[in-house]
Amino acid sequence: MDAPVDKNPYKIFIVEDNELYAKVLKKQLENRRYEISVFHSGHSCLAHLDKKPSVVTLDYRLPDIGGDEMLAALLRGHPGVHVVVISGQDDIETAIKLLKAGAYDYIVKGPDTREKLVHTVRNIYDSDQLRSENETLKSAIHEKYDFRKLIKGNSKQIEHVFSLMEKAASTNISVSVTGETGTGKELVAKGIHYNSKRKSQPFVAVNVSAIPEGLIESELFGHEKGAFTGADGRKQGKFEQANGGTLFLDEIADLDLNLQSKLLRVIQERELIRLGGSQVIPLDVRIITATHKNLEKLVNERRFRQDLYYRLLGLPIHLPPLRERGHDVIMLAKYFADEFCRENGLEPRTLSQGAKEMLQGYAFPGNIRELKAITELACVLSTGNSLEREHFQLSQNGMTVNLMAEEKTLEEYTNDIISHYLKKYNQNVKLVAEKLNIGKSTIYRFLQLTGRKETSPSL
């Protein structure tokens, strides 16, 4: 049974005026990956250069054109081609001249010519395949991190975020991303990196709050063997790992004040010294930070260095909470449902009108991360192709009063609001009264009517 033919064969031109020798070379190179064409003159080969061969094996002495001229014409007509010169002359000077002119290799005709040629072509093929795979991977990465595929939504708030991300990606400016937990701050950082000039370099993410206080300096700046107990060898820190690329420092507000001063120095000097070391390591790292806390407030409270704050601020990007993004909630829910069903071999699900109204009336304290979790669970809980209200397991802490969802009396709306806040603040009448700016008597009347009891002191 014949081997299958490659749909995208690797094109090889053999240029050899000796017909018998050309047949020998072709026979030696033939396999299912290669598409081989034979030419007995230089000009006939050049006439077909529009086919863009990957490799040309070139007889140095052709009847119609000199080897030097032919090499130059090949490289001029198809700059990406690999030319392997085959010559009967064992001339080092000629070989060096041709290699400097752009030839890939120079092979002297002899008993092992065919084996050498097969080996050389295989190396070229493997190198081209690896390069092609890398380009495909880079393209896939770019596709993956396209802003609008990475962050779903078309609200005005998100369009503004996209605009800022584009500005950030076109420069090396530091970026500070703020937003509630679960809004997608790391996705923004990745989107900026993989659309910037640094996209081929490392993207290193560090959650500052997740690293024990005693280890964070070593994690960031690295250490030498013996720098401290347990330092059994040299270790590169995150800054070194990210050199040339982007370092994403998540939850930067949780960084200890002592470490803040060391971080500031590294950023300012663009160099570091590992713990226990003396070697100065130059750095070229773009810094992107993120936090859900108010850094400006922490600066005023002297819990975050002002000089570091302004050094990191750069281009600020604020991610709006999901509850402020309007119809994006429904778009994201549909997307998460489609993805989950596709990955798990389930029939596609649709959102009922009741489910849509409920989702848009919910506060989403966990933002996009919460929406994804509850949507995937809804797909599991549903027995049909429609996701209904009852399939979404919403947290009571995130329930909001959607005044347009149902027609109620003012008293009923008032009772709903009081009930929500009593749950939120653990039945603390005094606190609820302050939050709603109403008299405690109103709340006590509600408790009496509903048979509930105050569980926290109101004094």
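Just so you know, all these numbers are worked out from the coordinates, no wet-lab data involved. From a predicted model like this one, the values you see are computed outputs, not experimental measurements. A quick note on method: Cβ atoms are made from the backbone with ideal geometry, for glycine too, and the neighbour counts reach across all protein chains shown.
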Checklist entry - Under the Karplus relation 6.51 cos²θ - 1.76 cosθ + 1.60, θ = phi - 60°, what is the ordered set of whole-Hz ³J(HN,Hα) values for region 81-96, x standing for Gly and Pro? => result 6, 9, 9, 10, 7, 10, 9, x, 9, 8, 10, 5, 4, 5, 4, 4
Checklist entry - Over the chain, what is the mean sequence separation of C-alpha contacts under 8 Å (at least six apart), divided by residue count, expressed as relative contact order in percent? => result 10
Checklist outcome for this item: From the cross-link list K238/K297; K149/K197; K199/K238; K51/K116; K52/K197, the entries with a Cα-Cα span beyond 22 Å are K238/K297; K51/K116; K52/K197
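Which value, in debye to the nearest 20, describes the size of the charge dipole of region 341-395 about its Cα centre when Lys and Arg Cβ atoms bear +1, Asp and Glu Cβ atoms bear -1, and nothing else is charged? List each step's numbers first, then the result.
On the way: 6 positive and 7 negative charges, 26 e Å.
Result for region 341-395 is approximately 120 debye, rounded to the nearest 20.
Which of the GluC sites (Glu not before Pro) found in region 359-393 are loop residues per DSSP with 12 or fewer other Cβ atoms within 10 Å of their Cβ? Walk me through the numbers on the way to the answer.
Values: sites: E370, E376, E388, E390; in loops: E388.
For GluC sites (Glu not before Pro) across region 359-393 that sit outside H, G, I, E and B with at most 12 neighbouring Cβ atoms in 10 Å, the list is empty.
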Next on the checklist: Using the Karplus curve 6.51 cos²θ - 1.76 cosθ + 1.60 with θ = phi - 60°, what ³J(HN,Hα) values do you get for each residue of region 259-268, in whole Hz, with x for Gly and Pro?
Outcome noted: 6, 4, 5, 5, 5, 4, 4, 4, 5, 5
Next on the checklist: Quick query: amide H of V56 versus all other amide H atoms, modeled in the peptide plane; which residues come in under 5 Å with a sequence gap of 5 or more or a different chain?
Outcome noted: F13, H82, V83, V84
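Give the average over all directions of the projected area of the C-alpha convex hull of region 410-450, one decimal, in nm².
2.5
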Next on the checklist: Per residue of region 270-281, what does 6.51 cos²θ - 1.76 cosθ + 1.60 with θ = phi - 60° give for ³J(HN,Hα)? Whole Hz please, x for Gly and Pro, Karplus curve as stated.
Outcome noted: 6, 7, 8, 10, 4, 4, x, x, 10, 6, 8, 10
Checklist entry - Tilt of helix 328-343 relative to the longest C-alpha principal axis of the chain, in degrees (0 to 90, nearest 10)? => result 50
Checklist entry - Which ordering of K356, K238, K197 is given by a fewest-first count of other beta-carbon atoms within 10 Å? => result K197, K356, K238
Checklist entry - So which trypsin sites (Lys or Arg not before Pro) in region 1-94 are both in a DSSP loop and have at most 14 other Cβ atoms within 10 Å of their Cβ? => result K7, R32
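Which of rounded, prolate or oblate describes region 341-395 when judged by the alpha-carbon gyration tensor and an a/c cut-off of 1.5? The partial results should precede the final answer.
Working: a/c = 2.24, a/b = 1.39, b/c = 1.61.
Judged from the Cα gyration tensor, region 341-395 comes out oblate (a/c at least 1.5, b/c at or above a/b).
What is the order of S163, S176, fewest Cβ neighbours within 10 Å to most? Mind showing how you got there, number by number?
On the way: S163 12, S176 21.
The fewest-first ordering by Cβ neighbours comes to S163, S176.
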Item to check | Options I438, Y425, T414, ranked by Cα towards positive dipole end of region 410-450, top entry (Cβ charges) | outcome: Y425
Checklist entry - Using modelled backbone amide H atoms (1.01 Å from N, in-plane), which distant-in-sequence or interchain residues come within less than 5 Å of S176's amide H? => result T289, L315, I317
Item to check | Computed over region 10-139, Cα set: Rg, Dmax in Å | outcome: 14.2, 45
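With +1 assigned to the C-beta of every Lys and Arg and -1 to the C-beta of every Asp and Glu, and no other charges, what is the dipole magnitude of the chain about the Cα centre in debye, to the nearest 20? Please list the in-between numbers first.
Values: 63 positive and 62 negative charges, 262 e Å.
For the chain, the charge dipole is close to 1260 debye.
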Checklist outcome for this item: Going from the fewest other Cβ atoms within 10 Å to the most, one would list V177, V84, V188 as V84, V188, V177
Item to check | Long-range amide H partners of S41 with built H, under 5 Å | outcome: E16
Item to check | Hydrodynamic radius of the chain per Kirkwood, over alpha carbon pairs, in Å | outcome: 28.7
Checklist entry - In the P(r) worked out for region 149-318, what percent of Cα pairs fall beyond 22 Å? => result 44
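Dipole magnitude of region 149-318 about its Cα centre, charges +1 at Lys/Arg Cβ and -1 at Asp/Glu Cβ only, in debye to the nearest 20?
Details: 24 positive and 20 negative charges, 100 e Å.
Using only the charged Cβ atoms, the result is roughly 480 debye.
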